[in-house]
Every structure is written in structure tokens, then in C-alpha cells.
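Quick one: this structure, given as C-alpha cells, is what I'll be asking you about.
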Amino acid sequence: MKFLDALMIATVAGGTLLLATADASLGQDRLVVPLPDISSLSQSEAQSLTRQIVEADVITSNCPAYAISDGAWTLLTGTGELLAGKLDMDPAAYEQEVIAPAYALLDDPESCDRIGPEVDPLIDRLIDMGGATEPNPSEPRPTEAG
């Protein structure tokens, strides 16, 4: 792996960890969406879904033809964080086992067109599991609550 690739992966992993642990009061304009119920997923289902989510995040963030809304991105990343917790993955393991292989996809020029079309069905699956790409209207937005 090239040094700059490793540096980029470490930066993304650190940023993801920072976002996951940020105090909600600091993110007054942060979009919060309902996340899916992952409690019934087996270990292998959770691992597979984690891989799909991180690949979708990498592709939608780096392939302009497959860009997604902020709400869809929040649904993907929030679910990824839930799954990492379910799988008891520490940040280093998550970066090495999930994030690094997903970023390696960018070395293949066909990755965008191969994985990009799978993103919308994945988001639909997360919505079917109870997630959403819009805030829950019955819950106050962070700027209204505080």
C-alpha cells in the first residue's frame, strides 16, 4: 500500500471515530436519522453488511455519478458504526479489516460502475430494516431541542 493511501485511510478512520464519539451538543446542525434494527443479524450477516456499507460509502464519496444525499450518507455511516459495535471491532481492526479493503477498490477503475448500482438497493434494505434518510418528524431536530 502506498504511503499516501495509508495516510488517507488513517485520516478517514480517525474522522469516522471522531464523528462517532462527538458530543451531540457540539453538532447543532448535525443530521440525525433513524438507524435500522440490526439486532437479529447473525455474525456473518453483520460482517457482510458492514463490508457492503463501507464499500458503498467509499464509492459514493469518490465516484460523482453515484453521489448520495446527506441523509443517505448518515444512514450508511451510522449503521456502519452500529455494526462495528455489534462485531466488537476496535477502531484499528475496523480500519484494517473493513476500511482499507474498501479504499483499495478505488485502484480498480471498474469499481464505481460495478458497486455504484448496488448502493440504492442497499439503502432501501436499511430503510426496510427501520432506518431512514430523513429525521424522524416526531423527534425535535437538535437545533429545536436545545
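Throughout, read-outs are computed from the coordinates displayed, never taken from laboratory work. Since the structure is predicted, the reported quantities are computational estimates derived from the model, not experimental observations.
What number do you get for region 42-131 when its Cα radius of gyration is normalised by 2.2 N^0.38 Å, N = residues?
Dividing the Cα radius of gyration by 2.2 N^0.38 Å gives 1.02.
Stretch residue 88-residue 48 to full length: gain in nm at 0.36 nm per residue minus the Cα-Cα span? Mind dumping the intermediate values first?
On the way: separation 40, 0.36 × 40 = 14.40 nm, distance 1.47 nm.
Between residue 88 and residue 48, full extension yields 12.9 nm more.
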